[in-house]
Every structure is written in C-alpha cells, then in structure tokens.
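J.: What follows is a single structure, and I will ask about it in a moment.
The values are calculated or read from the model by the stated rules, or taken from the named source; none is laboratory data. This structure is a prediction, so every number in the text was calculated from the model and none was measured. Note that we place each Cβ from the backbone using ideal geometry, even for glycine, and neighbour counts take in every protein chain shown. These area figures cover heavy atoms from the full protein model, side chains too; ligands, DNA and RNA do not enter into them. Shrake-Rupley method; radii C 1.70, N 1.55, O 1.52, S 1.80 Å.
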Amino acid sequence: MEITTHLDALRREGALLADAAARTDLATPVPTCPEWQLRDLVLHVGQVHRWVTGTVRDRLTAPMDAERQQAAWGPEPDDADLVAWFRTGHATLVDTLTAAPADLDCWTFLPAPSPLAFWARRQAHETAVHRVDADAAAGVEGPHADPEFAHDGIDELLAGFLTLGRSKVRSEHPRTLQVSASDGPGRWLLTISPEPITVEHAERPADLTLTGPARDLYLLLWNRLPDGGRVATAGDDSLLDLWREAAAIG
C-alpha cells in the first residue's frame, strides 16, 4: 500500500477512536483488552503517537531511553482533558509523517521499504486495531476495514511481528496454520514449532486452515474477534486456541 493510503487510514482511524471515547464513560471496561478501562486505551495510543512523533521528528536512530520517552509523552492528562489531548497528539503525528521526507532516516523495528513507509504503516494499524477496542468499549460496531487494508495488516502481523522471535506462539512438535483470504490474494502458511514462527506466502494443506474475508481474519488474528466472525476453520481447532492464548500483541 502507498504511504499516503496508510496516512489516510491513520487520520481516519484516530478520529474514529477519539469520537468513540468522547461519547463513552472513560471508566468503561474494554472487552477486547480485559485489563484496561477506556481511559487506559486512550492514554496508551496517545503515548504511542507521541513516541513515534518524537522518533520521526528528531530522526532518532535508536529507541528512546526512558527519560526521553517520558518527555515525549508529557504530563499525563486527567479524564476531562484526555480526549482533547489524544486528538492533539494524533494530529501532530499525522502532520509529522506527512511532512517527513521520503529519505527519512530513523529507527524502525520491522523490515520496510523505508522508515517513513514503516511508521506510516505501523501507526495506521496500531490505531485501527485500537479503534476497534474503543468501539467495543462504546458498545457499537464501527466501520469495517476494507479488504486491501485488512490484507496489509494481516501481512504486517504474520510476516512481520510473528517472525521477530519474541512471539510466545510455540509448539513442542511442528504444526502448520494456513490463513487464506476469501476476498483477495492473501495466503500465509505458518509453521509453529519450538523455534520462532516461519511464514511462507503459500497455500498448502495444514493442520488448521482459516478461511474468510480479510477484515474478519485481520481482527481474528489480532485477537479482536472472539466469536470468529465469518472465518471458517478446518482441522485442529486447538491450534486456534493456542493462538488466542499466546499471540497477544498490544
């Protein structure tokens, strides 16, 4: 996807998250993040936005240390100011990424065509997934991700995050998970073993196959769709249970 497409998604999803928070009691539990209330969610995403803004703006070539991170976050707002604080940080992040040069050089943590492409993509999906969390707290179903964006988010998760080596999705004996989008070209074959997950862009028989619209697969794989939505399973469902227990990412 183009950087501008990711920036459009970041702009839209952040506004939707803020709107959901503005009409909901901030003490409301977040069903998709059981340990959080809505205020925790808004604070978390707002802090991430400020952290990324500082990384890009200051061209940092390594992760922020704790002192610099705290400075980037600024004082923690009270509930009365939290949504406005979030909107300000979100707008600043969008502006910072929009103004950044194509040859931006700064720290990243996943392979990407460029640091700018990485941060635009990462923040689009960070914000989109947490917007779903905010809608869950508000008790409403917000807009669905379009297939192209959902496909891109699945690929970032499976071919990016899950191969870093920090994932807790492991199996004593090698097992395979096939993920296939029914509304696009997305095909991912995961091998889960005692070692870090390996991913192929391929389609073959597997211990468990997940098939469905990209938007449902996107939320299921991010553990935001407990009922499975329109995703069909074929094979060993215990592998999906393992995923739900161990594939916890933000």
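J.: Among the aliphatic types (A, V, I, L, M) and open to solvent by 20 Å² or more (accessible area, probe 1.4 Å), is that true of residue 232?
T.: Against the criterion (among the aliphatic types (A, V, I, L, M) and open to solvent by 20 Å² or more (accessible area, probe 1.4 Å)), residue 232 qualifies.
J.: Okay, moving on. One residue is enough: does region 200-210 have a residue meeting the conditions touching a Phe, Trp or Tyr at 6+ places or on another chain (Cβ under 7 Å), of a type outside the set (D, E, K, R) and either within 20 Å of residue 122 (Cα to Cα) or modelled with pLDDT of 95 or more (or both)?
T.: yes
J.: Taking the condition in a helix (DSSP H, G or I), in contact with a Ser or Thr (Cβ under 6 Å, 6 or more places away or on another chain) and open to solvent by 10 Å² or more (accessible area, probe 1.4 Å), does residue 91 pass?
T.: For residue 91, the condition - in a helix (DSSP H, G or I), in contact with a Ser or Thr (Cβ under 6 Å, 6 or more places away or on another chain) and open to solvent by 10 Å² or more (accessible area, probe 1.4 Å) - is not met.
J.: Right, here's the next one. Which of the residues belonging to region 111-168 are aliphatic (A, V, I, L, M), modelled with pLDDT under 95 and surrounded by fewer than 17 Cβ atoms within 10 Å (Cβ to Cβ)?
T.: Answer for region 111-168, where residues must be aliphatic (A, V, I, L, M), modelled with pLDDT under 95 and surrounded by fewer than 17 Cβ atoms within 10 Å (Cβ to Cβ): 140, 164.
J.: Hey, another quick one. Is there any pair with a first residue in region 193-214 that is of a type in the set (Ser, Thr, Tyr) and a second that is not in a loop (DSSP other than H, G, I, E, B) whose Cβ atoms are under 6 Å apart and which are 6 or more apart or on different chains, and what are they?
T.: 198/191; 209/178; 209/234; 209/235; 211/180; 211/232
J.: I'd like the residue in region 29-60 that is within 19 Å of residue 76 (Cβ to Cβ) and among the polar types (S, T, N, Q) and, out of all such residues, is surrounded by the fewest Cβ atoms within 10 Å (Cβ to Cβ).
T.: This residue is 37.
Yes/no per residue for (1) among the acidic types (Asp, Glu); (2) farther than 22 Å from residue 9 by Cβ; (3) open to solvent by 60 Å² or more (accessible area, probe 1.4 Å):
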position	(1), (2), (3)
170	no, yes, yes
185	no, no, yes
189	no, yes, no
197	no, yes, no
207	yes, yes, yes
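J.: Follow-up. Quick one: residue 108 ticks every box in (1) touching a His at 6+ places or on another chain (Cβ under 8 Å); (2) of a type in the set (Ser, Thr, Tyr); (3) under 26 Å from residue 217 (Cβ atoms) bar one, so which box is it?
T.: Answer for residue 108: the failing condition is (1).
J.: Go through (1) among the small types (Gly, Ala, Ser); (2) open to solvent by 60 Å² or more (accessible area, probe 1.4 Å); (3) under 26 Å from residue 152 (Cβ atoms) for residue 100 and report which single condition fails.
T.: Of the numbered conditions (1) among the small types (Gly, Ala, Ser); (2) open to solvent by 60 Å² or more (accessible area, probe 1.4 Å); (3) under 26 Å from residue 152 (Cβ atoms), the odd one out for residue 100 is (2).
J.: Residues in region 12-61 that are assigned to a loop (DSSP other than H, G, I, E, B) and among the polar types (S, T, N, Q): how many?
T.: 4
J.: A further question on this structure: Hey, residue 70 hits all of (1) in a helix (DSSP H, G or I); (2) open to solvent by less than 60 Å² (accessible area, probe 1.4 Å); (3) of a type outside the set (Val, Ile, Thr) but one; which does it fall short on?
T.: Result: residue 70 fails condition (2) only.
J.: Within region 172-183, how many residues turn out to be within 22 Å of residue 121 (Cβ to Cβ) and open to solvent by 60 Å² or more (accessible area, probe 1.4 Å)?
T.: So the count comes out to 1.
J.: Spot the failing condition for residue 165; the list is (1) touching an Asp or Glu at 6+ places or on another chain (Cβ under 9 Å); (2) on the phi < 0 side of the Ramachandran plot, and only one is missed.
T.: Just one mismatch for residue 165, condition (2).
J.: Moving to a separate point now. Regarding residue 99, is this residue hydrophobic (A, V, I, L, M, F, W, C) and at pLDDT 95 or above?
T.: yes
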